[in-house]
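Below: one structure, written as structure tokens.
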Amino acid sequence: MSARPIDEPHRVSSPLELLFDLTFVVAVAAVTAQLAHAIADGHGLTGLVPFLQVFLAIWWAWMNFTWFASSYDTDDVAYRLLTMVQMAGVLVLAAGVPAAAGHSDFGVVILGYLIMRMALVAQWLRAGLEDPASRRTALRYAAGITVVQVGWILRYLLAEAGTLPSFSVLPLFGCLAALELAVPWWAERVRATNWHPHHIAERYGLFTIILLGESVLAASRGVAGALESGEVSGPFVVIALFSLVLLFALWWLYFLVEAGEGLRDRRHRSFLWGYGHYGIFAALAALGAGLEVAVEQSGHAVEASPVALGYAIAIPVGVFLTLLWAVQAFVVKEPALHPAAVLGCVAIVLSLPLATAWAGVAAMVAAISTVCVLLVAVTMATVAGRRPYGKSWPRSSSPSEP
């Protein structure tokens, strides 16, 4: 297991990586469904904390594997088997999502997370043994991950035993999460790993597509719930149509600029770019939950107020747009999104739910979708003045090829 070159031509996602991503579809679908139930019951804010906690575990496990694979994907028997162990951990975590979201019982989630992380530790130990040049970095990763996992287990055991004060449970989670995020920064201070910029950009793009697909799935669940009432109304058609338009617009905005070249030229900003995607990914997952409830309420009543439903859609959209501009600015010399356009769009989107009480949820969804489509149009006009549009995405090859 030696480090792969950072300028390897034609580097794309492997079939094993694509299979790995599919297991995360199950986990994301589970956590999105739980948030949708909380929103429909009028407890959206209460359900937001467990959603963000579980989604952090999902995102972090996916991200750690992705960057490791970009550096050390040997695709041999040992690598494949350890990766499959991580997939099993994802499915265990997904099975524990209902208990975590509904009863704050994180036991199964922690078990699944532990399986994923220990398999990754084994990968790092193998890299440390077989790649002398990066041995210290690999062993730092293995040690750091292991120590933090011990912290997660102790936190859970102390909370279950009742010896951990209730007011300290959430702050302790934040401390352990911060330590998780600090492990890569600490490990790579010795020697940076050989991740491939275009491969990383493609992997993040694929996960974005997965989350957009989850939003489509969530909205389709809402359609099924509304159709159970046996009545197809005008608001139902409007919400279903403009929900799809909204997702198309967000997809368009994300893929207007390819990040591979920016990551290649600004590798020192990769932490900001990679970590910033937690908010982007979480926003897309939360948007799916909001759209599901919005479609469903057009067929039968839900406990959530129209204004709450409006913000369940507007806030994820605002977070997505803001963070998308930020991560582009970190690595791209000329970001496609103009800050003034993004700021204006976010301000309008966040103000629209205030009118939901008298205009209705359908009108609010249509208005948010229209604003995002206008942002796409303005952004495309700006980008078209710089370069031919068709060459922005996709790009699966490295900059070294002719």
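The values are calculated or read from the model by the stated rules, or taken from the named source; none is laboratory data. As the structure is a prediction and not an experimental result, all values here were calculated from the model. For neighbour counting, all protein chains shown are included, and Cβ atoms are generated from backbone atoms with ideal geometry for every residue, glycine included. Surface areas here come from the heavy atoms of the whole protein model, side chains and all, with no ligands, DNA or RNA. Shrake-Rupley method; radii C 1.70, N 1.55, O 1.52, S 1.80 Å.
Overview of values
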{"quantity": "Relative contact order, percent, the chain [alpha-carbon distance under 8 Å, six or more residues apart]", "calculated": "21 percent"}
{"quantity": "Heavy-atom SASA rank of 300, 198 (probe 1.4 Å, accessible area, largest first)", "calculated": "300, 198"}
{"quantity": "Degrees separating the helix 15-40 axis from the principal Cα axis of the chain, which is the longest one", "calculated": "40 degrees"}
{"quantity": "Paramagnetic label zone (point 7 Å from Cα along Cα-to-C-beta, residue 166; backbone N under 18 Å) in region 34-68", "calculated": "46-50"}
{"quantity": "Share of carbon and sulfur in the accessible heavy-atom surface of region 21-107 [1.4 Å probe, %]", "calculated": "71 percent"}
{"quantity": "Alpha carbon convex hull of the chain, volume per residue in cubic angstrom", "calculated": "139 Å³"}
{"quantity": "204, 311, ranked by accessible area, largest first (probe 1.4 Å)", "calculated": "311, 204"}
{"quantity": "Residues residue 252 and residue 334, FRET efficiency given R0 of 22 Å [Cβ-Cβ distance, rounded to 0.05]", "calculated": "0.80"}
{"quantity": "Degrees, to the nearest 10: 339-351 long Cα axis against longest axis of the chain", "calculated": "50 degrees"}
{"quantity": "Solvent-accessible area per residue for the chain (1.4 angstrom probe, square angstrom)", "calculated": "42 Å²"}
{"quantity": "Chain lengthening between residue 12 and residue 25 when straightened (0.36 nm per residue, less Cα-Cα)", "calculated": "2.7 nm"}
{"quantity": "Computed E for residue 224/residue 80 - FRET, C-beta separation, R0 51 angstrom, nearest 0.05", "calculated": "0.85"}
{"quantity": "Mean Cα-pair separation over length for region 132-256, i.e. relative contact order, pairs under 8 Å, 6 or more apart, %", "calculated": "28 percent"}
{"quantity": "Over region 50-128, relative contact order from alpha-carbon pairs under 8 Å, at least 6 apart, %", "calculated": "35 percent"}
{"quantity": "Euclidean distance between Cα centres, region 309-343 to region 60-137, Å", "calculated": "30 Å"}
{"quantity": "Crossing angle, helix 270-297 versus the chain [Cα axis fit, 0-90 degrees, rounded to tens]", "calculated": "30 degrees"}
